[in-house]
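Please read the structure below before turning to the comments.
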Amino acid sequence: MRDELDNLLVQKYPKIFRDRNGSMQETCMYWGFSHGDGWFEILETACSNIQHHVDWKRRQHPEMSDEEFDAEHQVVAAQVKEKFGGLRFYVDNCDDYVRGVVAMAESMSYRTCEGCGNHGVKRTGGWIRTLCDKCHADSKKPA
């Protein structure tokens, strides 16, 4: 994903992506978002829903300090990448709601072009990717 989209997600969801610039010995987020720009909207929507849910949970636990709450309940991205033509969004501190949001985002990626965000289909023949017709044709052109 382009640097400007990477930076936008990190700025908008600093708690989810708090490890984005961590060391490679501690987090896979060191490598950033290992997928194309087309899945940005899926990931942004998922993060919005996740952080809203976490903020709602925070209001349910006024007895906890911010540090205690974050350690136990703040969802933190462990890795975001493409694998077998689909989005993989691995997180820590998730509950059933967050698992559902992640599953929905991953499911949507199999119908969304990783390159541009238009409708896409799974393409095989080497690397498995979900692409629209145009991005698929462009990927076949010699560099």
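Laboratory data are not the source of any read-out in this text; all were calculated from the coordinates shown. Because the structure is a prediction, the values reported are computed rather than measured. Positions of Cβ are generated from backbone atoms using ideal geometry, with glycine treated the same way; all protein chains shown enter the neighbour counts.
When the GluC sites (Glu not before Pro) in region 41-143 are filtered for DSSP coil states and for at most 12 other beta-carbon atoms within 10 Å of their beta-carbon, the remaining sites are 63.
For a label point 7 angstrom out from the Cα of residue 78 toward its Cβ, which stretches of region 6-27 have the backbone nitrogen within less than 12 Å? Only 27 pass the distance filter. Based on DSSP H segments of at least four residues, each scored -39500 (n - 2.57), the chain has a per-residue ellipticity at 222 nm of -13000 deg cm²/dmol. Legend: ranking of residues 99, 129 from fewest to most surrounding C-beta atoms inside 10 Å; resulting order 99, 129. By the count of other C-beta atoms within 10 Å, a proxy for reagent exposure, 8, 131 are ordered fewest to most as 8, 131.
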